[in-house]
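**Q** Attaching a single structure in structure tokens format; questions to follow.
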Amino acid sequence: MEESQKDEQSVQETPEVFRFAACVEYDGSAYHGWQSLKTGLPTIQACIEKAIGKVANHRVSVVCAGRTDAGVHGSRQIIHFDTTSVRSLRGWVYGANTHLPDSIAVRWVKPVTQAFHARFSALARRYRYVIYNNPIRPAHLSRGLTWNYRPLDIDRMRTAAEYLVGKHDFTSYRAMQCQAKNPVRTIEHLKLNRYGDLIVIDVKANAFLHHMIRNIAGVLMAIGSGKREPIWAKDVLDAKDRSAGGVTAPPWGLYFVDVKYPEEFDLPEEPLGPSFVGPLVNELN
């Protein structure tokens with residue numbers, strides 16, 4: 001066989017690779033974070049890759065917009081995966097969900113170009129931290145909320161939050177083990193609203209550091225309870241030293257709720273979660 005014929009046959013036998021974006025929702029309370037672990041402990045990524053792999057009938061690797069820690073939830077986590085298999089969009093969604101535990105669900109799947117990357121194409125990410133502020137601990141959603149029994153003054157918390165908006169070195173607000181090379185991040189907004197006993201911290205930034213939001217929440221709750229003055233949020237920021245900050249807030253109330261991408265990718269938009277506060281928050285924001 002001539003070389004030209006061999007090359008032509010090789011090209012014909014190379015399967016086409018398709019890229020899909022997908023939206024994933026999950027309750028992270030039973031998982032050891034997003035990223036797959038060599039130890040085999042349960043993670044969101046491992047479950048999703050296994051489920052989509054069964055639909056594709058081959059091993060699949062997924063990339064997410066932002067890795068979440070153990071116990072942290074997602075209501076609009078965006079992922080992408082590559083496959084050589086041809087399935088309907090309905091087949092990808094319902095097929096994957098058939099193989100996923102009740103705590104994880106694929107909401108939609110959409111074909112995208114190879115130019116799309118769930119992580120590197122993202123322009124901004126958004127989280128919500130939900131606090132149940134009542135003297136009595138909640139019996140429902142105990143791992144979907146952070147309980148704070150001390151009365152929290154939301155006006156004090158809002159004043160403190162203003163110091164953190166903008167571009168800053170957030171060394172004091174990241175975990176000691178954070179591996180990011182650059183601690184500078186830009187917070188676009190940091191809003192706080194109360195709905196009865198629920199306080200929702202809504203934060204949007206270009207990117208986040210390890211434990212950044214939970215450390216911010218810890219500082220804001222200390223200020224809201226009266227333990228510290230609002231200016232303390234700025235003092236912690238200016239210190240550029242994690243030891244200057246407060247206690248890291250629990251993961252239970254933290255939700256990855258949105259990602260912003262260039263309009264060219266035309267990803268579906270949905271009301272932001274989590275579902276039990278979305279109707280309240282989205283109506284006013």
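The values are calculated or read from the model by the stated rules, or taken from the named source; none is laboratory data. These numbers come from a predicted model, not from an experiment. We place every Cβ from the backbone using ideal geometry, glycine too, and count neighbours over all the protein chains shown.
**Q** Could you tell me whether Ile223 is free of Cβ contacts under 8 Å to residues at least 24 places away in the same chain and among the hydrophobic types (A, V, I, L, M, F, W, C)? If you could, list the steps in order and put the result at the bottom.
**A** Numbers: free of Cβ contacts under 8 Å to residues at least 24 places away in the same chain: no; among the hydrophobic types (A, V, I, L, M, F, W, C): yes.
Against the criterion (free of Cβ contacts under 8 Å to residues at least 24 places away in the same chain and among the hydrophobic types (A, V, I, L, M, F, W, C)), Ile223 does not qualify.
**Q** Does Asp202 fit the bill of being free of Cβ contacts under 8 Å to residues at least 12 places away in the same chain, in the same structural domain as Gly144 (by TED's automatic domain parsing) and among the acidic types (Asp, Glu)? Walk me through it before giving the result.
**A** On the way: free of Cβ contacts under 8 Å to residues at least 12 places away in the same chain: no; in the same structural domain as Gly144 (by TED's automatic domain parsing): yes; among the acidic types (Asp, Glu): yes.
No.
**Q** Name the one entry in Ala122, Ala65 that is within 30 Å of Thr186 (Cβ to Cβ), in contact with a Gly (Cβ under 9 Å, 6 or more places away or on another chain) and hydrophobic (A, V, I, L, M, F, W, C). Working first, answer last.
**A** Numbers: Ala65 fails: in contact with a Gly (Cβ under 9 Å, 6 or more places away or on another chain).
Just a single option satisfies the conditions, and that option is Ala122.
**Q** Determine if the stretch 235-246 includes at least one residue that is in contact with a Leu (Cβ under 7 Å, 6 or more places away or on another chain) and either within 18 Å of Thr146 (Cα to Cα) or crowded, with 16+ Cβ neighbours inside 10 Å (or both). Lay out the reasoning, then the answer.
**A** Within the stretch 235-246, the subset in contact with a Leu (Cβ under 7 Å, 6 or more places away or on another chain) is 237.
Keeping just the survivors that are either within 18 Å of Thr146 (Cα to Cα) or crowded, with 16+ Cβ neighbours inside 10 Å (or both) gives 237.
Scanning the stretch 235-246, I find at least one residue that is in contact with a Leu (Cβ under 7 Å, 6 or more places away or on another chain) and either within 18 Å of Thr146 (Cα to Cα) or crowded, with 16+ Cβ neighbours inside 10 Å (or both), so the answer is yes.
**Q** Inspect all residues belonging to the stretch 38-56 and state whether any of them is surrounded by fewer than 22 Cβ atoms within 10 Å (Cβ to Cβ), part of a loop (DSSP other than H, G, I, E, B) and touching a residue at least 24 places away in the same chain (Cβ under 8 Å).
**A** Within the stretch 38-56, none of the residues are surrounded by fewer than 22 Cβ atoms within 10 Å (Cβ to Cβ), part of a loop (DSSP other than H, G, I, E, B) and touching a residue at least 24 places away in the same chain (Cβ under 8 Å).
**Q** Being acidic (Asp, Glu), assigned to a loop (DSSP other than H, G, I, E, B) and within 14 Å of Ile154 (Cα to Cα) is the filter here, so list the residues in the stretch 186-242 that pass it. Spell out the reasoning first.
**A** Of all residues in the stretch 186-242, those acidic (Asp, Glu) come to 188, 197, 202, 229, 235, 238, 241.
The next check asks that each one be assigned to a loop (DSSP other than H, G, I, E, B); those that pass are 197, 229, 241.
Passing the criteria: Asp197, Glu229.
**Q** So which residues in the stretch 21-34 are farther than 19 Å from Pro250 by Cα and not hydrophobic (A, V, I, L, M, F, W, C)?
**A** Listed by number, the list holds a single entry, Glu25.
**Q** Something else about it: Can you pull out the residues in the stretch 145-185 that are part of a strand (DSSP E or B) and either among the aromatic types (Phe, Trp, Tyr) or exposed (fewer than 14 other Cβ atoms within 10 Å of the Cβ) (or both)? Before the answer, list the steps.
**A** At the first step, the residues of the stretch 145-185 found to be part of a strand (DSSP E or B) are 146-148, 166-169, 184-185.
Result: Trp147, Gly166, Lys167, Val184.
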